[in-house]
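Trainee: One structure, pasted below without further comment.
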Amino acid sequence: FEDRFVPWWIEQGYVAAPVNFRLASRPGESPTVKPRDQVQDLASALAWLVENSTTYGISTDRIILLGYSSGAHLVALLGTDERFIQDVGIAERQIQAVLSLDVHAYDVPFALDLMEGSVVEQNIPIIRHLFGNTEAEQLEGSPINYLDGWAAPAFVVSVDADPEVVGSHGYIVSQAARRYVDALIAAGHHGRTIHDVTETHSSLVGGFGEEDDSTTENILNFLAELP
C-alpha cells in the first residue's frame with residue numbers, strides 16, 4: 001500500500017504520511033479496540049503532523065485523508081464527525097477532502113442488511129462485535145449518521161464485478177457507496193462516487209499510480225474540481 005501511494009502523492013507535490021493506529025480487537029480480546037478508538041488514533045496522528053508542519057513542510061489548510069478497506073471507513077468517520085478533529089484542535093476548514101477506497105460500512109445497519117445471504121455473510125459477527133448489536137450502536141460508528149453539520153468533500157470508490165448481482169461483493173460496496181454519497185449530496189455536502197468493474201479489492205491498490213489507472217485519474221480529477 002505505502003509503496004504504491006506514497007511515491008505518487010510526493011510526485012504530485014504533497015507530503016505523504018502513512019500513520020499507524022491500533023488494530024480492532026477480536027471477540028474476547030482485551031483491551032477492547034473499536035472503530036471509534038481507531039479514529040481517535042488517526043486524529044491524534046493528524047494533530048501531531050499539524051503541530052510539526054513547519055519541520056515537514058506541510059500545508060495545514062490542504063489536508064487530504066485517504067483510506068483503503070477498513071481505513072476507508074475510518075477516514076470517512078474522521079471526515080464527518082467533527083468532534084474527532086475538534087478534540088485535537090484541528091478546524092474543519094483544514095480538511096480539504098476525504099478519499100475512501102472500497103468499503104461498505106458507511107451506514108452499518110444498511111451494510112448488515114446487504115450482507116445477509118451474501119458472499120461475505122460470514123463477516124456479520126465481526127461487524128456486530130465492532131459496531132454493536134443495536135441500530136443505535138451501529139449508527140455511532142456510521143459516517144452517514146453525521147451529515148447534519150460539517151462534512152469534508154468525499155470521493156468514494158467501489159470495485160469488483162457484478163455490481164447488479166445481489167449478494168456479490170461488487171453489489172454490496174456499490175450500493176453502500178451510492179447510498180452514502182446520495183446522503184452527502186442531499187445534506188448539502190460535496191460527494192462523488194465511481195464503481196470500477198475492472199478492479200478487485202486487491203488490484204485497486206496494486207495498480208494505483210500506474211499510467212491509465214482509472215482510480216488514480218479519477219482522484220486527480222476530483223481534487224482538481226475542489227475550490
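Trainee: Can you name the number of the only condition in (1) closer than 14 Å to G79 by Cβ; (2) within 17 Å of the chain's Cα centre (by Cα); (3) not aromatic (F, W, Y) that G149 fails?
Mentor: Just one mismatch for G149, condition (2).
Trainee: Please identify the pairs in which a residue from the range 116-144 that is more than 23 Å from G67 (Cα to Cα) and open to solvent by less than 40 Å² (accessible area, probe 1.4 Å) has its Cβ atom under 8 Å from the Cβ atom of a residue that is part of a loop (DSSP other than H, G, I, E, B) and of a type in the set (S, T, N, Q), counting only partners at least 6 apart or on another chain.
Mentor: Going by the 8 Å Cβ cut-off, the qualifying pairs are S118/S168.
Trainee: Give me a count of the residues in the range 146-201 that are open to solvent by 50 Å² or more (accessible area, probe 1.4 Å), more than 20 Å from L65 (Cα to Cα) and in contact with a strand residue (DSSP E or B) (Cβ under 7 Å, 6 or more places away or on another chain).
Mentor: Summing the residues that are open to solvent by 50 Å² or more (accessible area, probe 1.4 Å), more than 20 Å from L65 (Cα to Cα) and in contact with a strand residue (DSSP E or B) (Cβ under 7 Å, 6 or more places away or on another chain) in the range 146-201 gives 1.
Trainee: Give the range 189-208 a look and list any residue that's touching an Asp or Glu at 6+ places or on another chain (Cβ under 7 Å) and part of a helix (DSSP H, G or I), or say none.
Mentor: Answer for the range 189-208, where residues must be touching an Asp or Glu at 6+ places or on another chain (Cβ under 7 Å) and part of a helix (DSSP H, G or I): just L204.
Trainee: Quick one: how many residues across the range 23-49 are closer than 25 Å to T60 by Cβ and of a type in the set (K, R)?
Mentor: Here the count works out to 1.
A quick yes/no check of all residues on (1) of a type in the set (K, R); (2) within 17 Å of the chain's Cα centre (by Cα); (3) over 22 Å from D3 (Cα atoms):
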residue: E164; (1), (2), (3): no, no, yes
residue: H201; (1), (2), (3): no, yes, no
residue: G206; (1), (2), (3): no, no, no
residue: I219; (1), (2), (3): no, yes, no
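Trainee: How about the range 63-89: which of its residues are farther than 30 Å from H169 by Cα, part of a loop (DSSP other than H, G, I, E, B) and open to solvent by less than 10 Å² (accessible area, probe 1.4 Å)?
Mentor: none
Trainee: Only one of T32, T60, T55 is free of Cβ contacts under 8 Å to residues at least 40 places away in the same chain and not in a loop (DSSP other than H, G, I, E, B). Can you tell me which?
Mentor: T55
Trainee: Please enumerate the residues belonging to the range 123-138 that are out of contact with any Leu (no Cβ under 9 Å at 6 or more places or on another chain) and assigned to a helix (DSSP H, G or I).
Mentor: Within the range 123-138, N123, P125, I126, H129, L130, E135, A136, E137 qualify.
Trainee: Checking D102 against (1) open to solvent by 40 Å² or more (accessible area, probe 1.4 Å); (2) among the acidic types (D, E); (3) touching a helix residue (DSSP H, G or I) at 6+ places or on another chain (Cβ under 6 Å): exactly one of these is not met. Which one?
Mentor: Among (1) open to solvent by 40 Å² or more (accessible area, probe 1.4 Å); (2) among the acidic types (D, E); (3) touching a helix residue (DSSP H, G or I) at 6+ places or on another chain (Cβ under 6 Å), the lone unmet condition for D102 is (1).
The values are calculated or read from the model by the stated rules, or taken from the named source; none is laboratory data. Worth saying up front: this structure is predicted, and the values here are computed from it rather than measured. Cβ: placed from backbone, ideal geometry, glycine included. Neighbour counts: every protein chain shown. When the accessible area is computed, the model is the full protein with side chains, heavy atoms only, and any ligands, DNA or RNA have been set aside. Shrake-Rupley method; radii C 1.70, N 1.55, O 1.52, S 1.80 Å.
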